[in-house]
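Working notes, structure below.
Computed from the coordinates by the stated procedures, all read-outs in this text should not be read as laboratory data. On a predicted model such as this, the values are computed, not experimentally measured, just so you know. Glycine gets a Cβ as well: all are built from the backbone with ideal geometry, and neighbour counts include every protein chain shown.
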Amino acid sequence: MQFRDLKTQYSRLKSRIDQEISKVLSDANFISGKQVKELEDSLAEYVGAKHCITCGNGTDALLLALMAWGIGENDAVFVPDFTFFASGEAPACLGAVPVFVDVDERTFNMSPAALRDTIKQTISNGRLTPKAIIAVDLFGQPADYDEIKQIAQEYRLLLLEDAAQGFGGNIRGRKACHFGDISATSFFPAKPLGCYGDGGAVFTDNDEWAELIRSYRIHGKGMDKYDNVRLGMNSRLDTLQAAVLLVKLKAFEEYELTDINLAAQKYTKALQDCVKAPYVKEGFYSSWAQYSILLDNAVQRDGLLKHLQKYDIPGMIYYRKPMHDQKAFDGIECKVTDLSVTEDICNRILSLPIHPYIKEDEIETVVQAIHDFFTLHMK
Ligand SMILES: *Cc1c(COP(=O)(O)O)cnc(C)c1O
């Protein structure tokens, strides 16, 4: 059983993908070919944003957004403590301090109450200037933007949506990748919409920031690549990846997103009596980058993971370590409030195999193995 089955996806889409790849090969427009612009237009339309700027990966997408805002030394950027490293790495790479915020124990997303406390504490510490919030759409569920946007406005902070796992999610029909002042996503192969290598994109309605990001992603270009008005980076999406994504975006819209939601529903129905199944807020729709359950404690979680491995069922732990415990942040004033919900979740979480092509009997095998584990350990 595959944790995320990219081989089956390819076999279903093979003829179209192969055709699109050969077109790129015969045109030999490997960088900035017409497929890149076509993809940017399709993605902007899908999420409802004015601008989509593709780039090399999701981490660069975050960096480009922060660079457009001039985030740097002595700035505080509020980041959930429970996320992938890149969400905190991006502001830290620019010299800013990622100040970690505890998460909601049900959605695993940034807790608005904890955000407010952490902002207040940072202001009262007086050393850093609060500049921005990076809200993460963890495991595919959009963060709590109703409340987070209000807090951002109240404290005049910029809001960056890290939708690396969130593409395809929505809140009452409003799509992810359009909740931030700038939003960023990733096309890493295992993300909800993935390509065949690294890729990413930035979305915004703001013309000025879009122009800056287009410059930063190509060596701080002015009129062209050889007129350089600022220090930038080299971060473009390959034409080959854009061609693959154009095919995959169609499948994503036509059936993949619906099918993965059906798979998640089946899991939840079968598992909710024995473990804590994922909680999706009323009016929220997830794209299920991960299907993550909570066990009672670390011993039970690690026991279940081992038990699943015996049946050749791949489970994964996202994430074992809170951000504030990562060695890379040693010596940085990144923890100013209580982060105990994250610490607790890290000990108890387990992600199960899920993807749009998972079969009914595969779900049953996983569910049966979990039920067996609990029967064994109740005796
Ligand atoms: C994957 C991921 C990123 C980084 O994306 P890459 O394309 O791998 O650079 C950033 N934030 C989160 C939450 C992610 O899951």
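Hey, in the GNM for the chain with a 10 angstrom Cα cutoff, which one of M223, M233, M67 fluctuates hardest? The residue that fluctuates most here is M223. Here the range 68-135 has an Rg and Dmax of 11.5, 34 Å, counting Cα atoms alone.
Bin all alpha-carbon pair distances of the chain at 10 Å intervals from 0 and give each bin's fraction as a whole percent. P(r) for the chain, in whole percents per bin: 5, 24, 31, 25, 12, 2, 0, 0. Taken along the Cα-to-beta-carbon direction at a fixed 7 Å, the label points for K23 and S340 span 5.7 nm.
Across every direction, the projection of the convex hull enclosing the Cα atoms of the range 215-346 has a mean area of 14.2 nm². Note on the chain: dipole from Cβ charges, positive end direction compared against H324, Q272, Y145; the farthest Cα belongs to Q272.
Measuring spread by the Cα atoms of the range 191-231 yields a radius of gyration and Dmax of 12.9, 37 Å. The GNM of the chain, with springs linking C-alpha atoms under 10 angstrom apart, assigns the highest mean-square fluctuation among S292, S42, S183 to S42. Please report how far the C-alpha centroid of the range 194-260 lies from that of the range 72-110, rounded to the nearest whole angstrom. Each part's Cα centre sits 23 Å from the other's. So what are the ³J(HN,Hα) numbers for the range 359-369, from phi and the Karplus equation (6.51, -1.76, 1.60; θ = phi - 60°), rounded to whole Hz, Gly and Pro as x? Per-residue couplings from phi come out as 8, 3, 6, 5, 4, 4, 4, 5, 4, 4, 4 Hz. Dimensions of the range 1-140 along the principal axes, based on C-alpha atoms and rounded to the nearest Å, stand at 60, 38, 26, largest first.
Kindly state, as a whole number, the per residue volume in cubic angstrom of the convex hull around the alpha carbon atoms of the range 218-291. It is 177 Å³ per residue. Pairs exceeding 24 Å between alpha-carbon atoms, taken from K175/K250; K131/K335; K248/K276; K221/K248: K248/K276; K221/K248. Backbone phi angles across the range 168-173, fed through the Karplus curve with coefficients 6.51, -1.76 and 1.60 (θ = phi - 60°), yield HN-Hα couplings of x, x, 8, 10, 6, x Hz in residue order; Gly and Pro are listed as x.
State the percent of C-alpha pairs, over all pairs in the range 77-210, separated by a distance greater than 18 angstrom. Tail of the P(r) past 18 Å holds 52 percent of the pairs.
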